[in-house]
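For reference, the structure is listed below as structure tokens.
The values are calculated or read from the model by the stated rules, or taken from the named source; none is laboratory data. As the structure is a prediction and not an experimental result, all values here were calculated from the model. Here the Cβ positions follow ideal geometry from the backbone for every residue, glycine too, while neighbour counts run over all protein chains shown. Calculation scope for accessible area: heavy atoms of the full protein, side chains included, ligands and nucleic acids excluded. Shrake-Rupley method; radii C 1.70, N 1.55, O 1.52, S 1.80 Å.
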Amino acid sequence: MYALPAELRHALTEELEFHREHDLAASAAELTARYHRPIDRPALRSATDVAAYAAVRMPATFAAVRFALAQAAVVAPGFGPRTHLDVGGGTGAAVWAAADCWPGLGEVTVLERDRAAAGLGRALAARSAHPAVRQAAWRQADLAKDITTEPADLVTVSYVLGELPEAARLPLIRRLAGRAGMLAVVEPGSPDGFARVLAVRDLLVELGMNIAAPCPHDGACPLAAGDWCHFAARLPRESLHRRLKAGSLGFEDEKFSYVVATSAPVTPPGARVLRHPRTRKGLVTLTLCGDGVSDQNVSKRDGELYRVARDTAWGDAWPPV
Ligand SMILES: C[S@@+](CC[C@H](N)C(=O)[O-])C[C@H]1O[C@@H](n2cnc3c(N)ncnc32)[C@H](O)[C@@H]1O
């Protein structure tokens with residue numbers, strides 16, 4: 001379960017009090033509808049939209065980015081970023097996720113076009129216990145145009161590519177890749193989101209970067225045409241979040257596709273678990289992506305490996321690193 005840091009939860013509660021719950025609920029419903037259609041104009045169109053985004057989407061995008069960074073950290077254990085550039089940062093989910101994963105971060109820059117999103121992001125970040133999050137520099141930038149950025153140890157682009165004109169997506173990644181020690185791109189877990197991630201992955205390999213996660217190699221993706229890969233991060237739903245989503249469950253599973261690449265070599269795992277492991281009495285079946293995609297049965301007779309397999313989850317490296 002990837003829960004928002006406590007200071008962020010408290011900061012969100014305070015910021016959301018400036019809005020009427022009825023308006024937030026209407027904006028949250030409208031945002032869900034907008035995100036289910038191809039986005040041809042900004043999805044965030046008012047301060048209420050931005051607040052609704054922070055209430056119902058930011059916990060989920062935080063969880064997805066945190067999950068992706070955790071998997072990358074496993075295969076790049078020596079990576080300890082000092083500088084972080086968050087591109088299309090919105091209300092700052094990836095800033096909080098990166099600082100949670102790598103507390104040694106010292107300098108954070110966020111690029112964002114929307115003033116209301118940056119304003120709320122800055123107000124939330126001001127309540128962080130982490131100095132680099134509190135002091136993050138929020139810069140206004142249009143990613144569809146040429147942007148100039150300083151090199152950064154870590155660059156995140158989370159839930160952004162799908163909002164950019166198609167012709168602007170890969171040129172942006174190309175510009176960022178040459179200036180990133182690690183580049184993490186996260187997109188919604190849908191066939192379209194996966195297609196964007198796969199195109200990014202192909203480009204990063206062509207540019208000579210090393211794939212850290214989720215793929216255990218830099219070779220061609222072994223999934224059959226029409227198949228796609230995604231992962232899920234579980235997050236708690238606070239009471240306002242539950243009411244705005246008109247849901248009764250105390251948690252939700254955020255589905256996402258992602259790729260993380262590094263400029264320095266990594267030690268990839270043998271394989272990645274591509275689906276929920278299936279468990280029967282004395283047997284765990286793992287669907288693995290390695291040289292190809294295949295199922296591996298691990299039975300009680302395998303002793304320690306069986307105990308490890310029972311604790312292994314969808315999205316984990318296999319065997320555990
Ligand atoms: C779905 S939100 C994601 C926000 C954040 N990265 C996250 O993971 O929660 C997409 C963000 O991209 C920003 N965005 C969209 N197009 C942009 C552009 N051309 N230039 C800069 N930011 C843009 C939007 O304003 C919005 O904040």
> Ala246 is checked against (1) at pLDDT 95 or above; (2) out of contact with any Cys (no Cβ under 9 Å at 6 or more places or on another chain); (3) aliphatic (A, V, I, L, M) and fails just one. What number does that condition carry?
Replying inline: (1)
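Per-residue answers, yes or no, for (1) within 14 Å of the ligand (Cβ to nearest atom); (2) within 18 Å of Met182 (Cβ to Cβ); (3) not assigned by TED's automatic domain parsing to the domain that holds Arg122:
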{"residue": "Ala26", "(1), (2), (3)": "no, no, no"}
{"residue": "Ala29", "(1), (2), (3)": "no, no, no"}
{"residue": "Tyr35", "(1), (2), (3)": "yes, no, no"}
{"residue": "Arg41", "(1), (2), (3)": "yes, no, no"}
{"residue": "Thr48", "(1), (2), (3)": "no, no, no"}
{"residue": "Tyr53", "(1), (2), (3)": "yes, no, no"}
{"residue": "Phe67", "(1), (2), (3)": "yes, yes, no"}
{"residue": "Pro77", "(1), (2), (3)": "no, yes, no"}
> When you look at Leu240, is it over 26 Å from Leu154 (Cα atoms) and among the aliphatic types (A, V, I, L, M), yes or no?
Replying inline: yes
>> For segment 181-196, which positions are closer than 23 Å to Pro151 by Cα and open to solvent by less than 10 Å² (accessible area, probe 1.4 Å)?
In response: Met182, Leu183, Ala184, Val185, Val186, Glu187
> In this structure, does Glu15 turn out to be touching a residue at least 60 places away in the same chain (Cβ under 8 Å), part of a helix (DSSP H, G or I) and open to solvent by 40 Å² or more (accessible area, probe 1.4 Å)?
Replying inline: no
> Looking at segment 79-92, is at least one residue β-branched (Val, Ile, Thr), open to solvent by 40 Å² or more (accessible area, probe 1.4 Å) and away from the ligand (no atom under 13 Å from the Cβ)?
Replying inline: no
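Quickly run through segment 18-56 and pick out the residues that are part of a loop (DSSP other than H, G, I, E, B), open to solvent by 70 Å² or more (accessible area, probe 1.4 Å) and within 22 Å of Arg115 (Cα to Cα).
Selection gives Phe18, Arg20, Asp40, Arg41, Arg45.
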> Among the residues of segment 57-65, is any outside any helix (DSSP H, G or I), among the aliphatic types (A, V, I, L, M) and within 15 Å of the ligand (Cβ to nearest atom)?
Replying inline: no
> Which one is surrounded by the fewest Cβ atoms within 10 Å (Cβ to Cβ), of the residues in segment 228-249 that are over 18 Å from Leu16 (Cβ atoms) and under 21 Å from the mean Cα position of the chain (by Cα)?
Replying inline: Arg234
>> Exactly one of these conditions fails for Met1: (1) out of contact with any Phe, Trp or Tyr (no Cβ under 8 Å at 6 or more places or on another chain); (2) surrounded by fewer than 17 Cβ atoms within 10 Å (Cβ to Cβ). Give me its number.
In response: (1)
>> Just to be sure I understand the filter: pairs with C-beta atoms under 6 Å, separated by 6 or more residues or on different chains, first member in segment 137-148 and assigned by TED's automatic domain parsing to the domain that holds Gly90 and closer than 18 Å to Thr83 by Cα, second member more than 8 Å from the ligand (Cβ to nearest atom) and among the polar types (S, T, N, Q). Which pairs pass?
In response: Ala137/Thr109
> Failed condition for Gly219, given (1) at pLDDT below 95; (2) surrounded by fewer than 20 Cβ atoms within 10 Å (Cβ to Cβ); (3) outside any loop (DSSP other than H, G, I, E, B), with all others met?
Replying inline: (3)
> In segment 93-105, which residues are in a loop (DSSP other than H, G, I, E, B) and within 13 Å of the ligand (Cβ to nearest atom)?
Replying inline: none
> Which residues, taken from segment 278-291, are part of a loop (DSSP other than H, G, I, E, B), out of contact with any helix residue (DSSP H, G or I) (no Cβ under 7 Å at 6 or more places or on another chain) and more than 23 Å from Ala76 (Cα to Cα)?
Replying inline: Lys281
>> Here is a list: Ala60, Ala51, Ala64. Which entry is in contact (Cβ under 8 Å) with a residue 12 or more places away in the chain, within 18 Å of Leu161 (Cβ to Cβ) and in contact with a Leu (Cβ under 7 Å, 6 or more places away or on another chain)?
In response: Ala60
> Does Glu112 qualify as being more than 9 Å from the ligand (Cβ to nearest atom) and modelled with pLDDT of 90 or more?
Replying inline: no
> Among (1) touching a strand residue (DSSP E or B) at 6+ places or on another chain (Cβ under 6 Å); (2) closer than 24 Å to Leu244 by Cα; (3) open to solvent by 50 Å² or more (accessible area, probe 1.4 Å), which single condition is Ala118 missing?
Replying inline: (3)
